[in-house]
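J.: Supplied in structure tokens, the structure appears directly below.
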Amino acid sequence: MRRRSVVAVAALIAAFALAGLPGPVGSSQPSATLDLQPAAFTSVIIPADAPALEARGVSDAALGAEVVLDAPYVISGAAPAAPATRPAVDQPETGKGSAWKAPRRTIKGFASFYDNGTTAMRLPRGTVVRICGDGGCIERRITDYGPVARNGRIVDLDRSDFFRVCGCPSWSGTTKVTVAIY
């Protein structure tokens, strides 16, 4: 059986908590809709053959204020010509320190595509590899254990990575690659 003081304290805490909650926010009834005043709108008719507006001194009759523009609305004439040559930019020479570091090992074989990430045969998860083919090179981290050791397949690539490395049509299934292991 609970003591009466424990029950009384719990009830008091609950009452204070309920009293401290904020009330409902916002109005309980929707506000009345206001009609738009027709005098707030002014018709402006500009003929199609009217001359372009001047850059300065265009008066705005609706506001009754003087509007000064820094540039005209319409610029007549042809577009500016594109530069004939690109400007020369000095590029620093690539030194020995900017190249990729030497891989621990290099494997040559075939790659295929696999929709669940990059996998490699005989390499643990988390290994960083650079995979190069006819279409280019990518650097990836191994996410799963690789293909079955048959037909010379050494790596399975995500579909987009496969076609980036392959440089081949979309119906291709395998491509020759070189895998550099770091």
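J.: Looking at region 130-140, which of its residues are touching a Lys or Arg at 6+ places or on another chain (Cβ under 9 Å) and more than 11 Å from Thr119 (Cβ to Cβ)?
T.: The first filter runs over region 130-140 and keeps only residues touching a Lys or Arg at 6+ places or on another chain (Cβ under 9 Å), leaving 130-131, 133-140.
Arg130, Ile131, Gly133, Asp134, Gly135, Gly136, Cys137, Ile138, Glu139 - these are the residues of region 130-140 that are touching a Lys or Arg at 6+ places or on another chain (Cβ under 9 Å) and more than 11 Å from Thr119 (Cβ to Cβ).
J.: Go through region 3-59 residue by residue and tally those that are assigned to a loop (DSSP other than H, G, I, E, B), of a type in the set (Val, Ile, Thr) and at pLDDT below 70.
T.: Here is the first cut: in region 3-59, the ones assigned to a loop (DSSP other than H, G, I, E, B) are 3, 21-37, 41-57.
Now drop any that are not of a type in the set (Val, Ile, Thr), which leaves 25, 33, 42, 44-46.
Applying the additional criterion that residues be at pLDDT below 70 yields 25.
Of the residues in that region, 1 qualify.
J.: Across region 144-175, what is the number of residues that are of a type outside the set (Phe, Trp, Tyr) and exposed (fewer than 14 other Cβ atoms within 10 Å of the Cβ)? Steps first, please.
T.: Pass one, region 144-175, residues of a type outside the set (Phe, Trp, Tyr): 144, 146-161, 164-170, 172-175.
Applying the additional criterion that residues be exposed (fewer than 14 other Cβ atoms within 10 Å of the Cβ) yields 144, 148-152, 159-160, 167, 169-170, 172-173.
Counting residues in region 144-175 that are of a type outside the set (Phe, Trp, Tyr) and exposed (fewer than 14 other Cβ atoms within 10 Å of the Cβ) gives 13.
J.: Can you tell me which residues in region 131-147 are of a type outside the set (A, V, I, L, M) and in contact with a Cys (Cβ under 8 Å, 6 or more places away or on another chain)?
T.: If we filter region 131-147 for residues that are of a type outside the set (A, V, I, L, M), which is where we start, we get 132-137, 139-141, 143-147.
Listed by number, the residues that qualify are Gly133, Asp134, Gly135.
J.: State which residue is nearest to Ile181 (Cα to Cα) when the search covers only region 112-143 and only residues that are touching a helix residue (DSSP H, G or I) at 6+ places or on another chain (Cβ under 6 Å) and crowded, with 17+ Cβ neighbours inside 10 Å.
T.: Selected residue: Ile131.
J.: Related question: Conditions: (1) at pLDDT 85 or above; (2) under 15 Å from Lys108 (Cα atoms). Arg140 meets all but one. Number of the miss?
T.: (2)
J.: Anything in region 124-166 that is of a type in the set (Ser, Thr, Tyr) and either at positive phi or part of a strand (DSSP E or B) (or both)? List them, or say none. Step through it out loud before you land on a result.
T.: Step one: of region 124-166, the residues of a type in the set (Ser, Thr, Tyr) are 127, 143, 145, 160.
Selection gives Tyr145 alone.
The values are calculated or read from the model by the stated rules, or taken from the named source; none is laboratory data. All values reported here derive from a predicted model rather than from experimental measurement. Neighbour counts run over all protein chains shown; Cβ positions are idealised from the backbone, glycine included.
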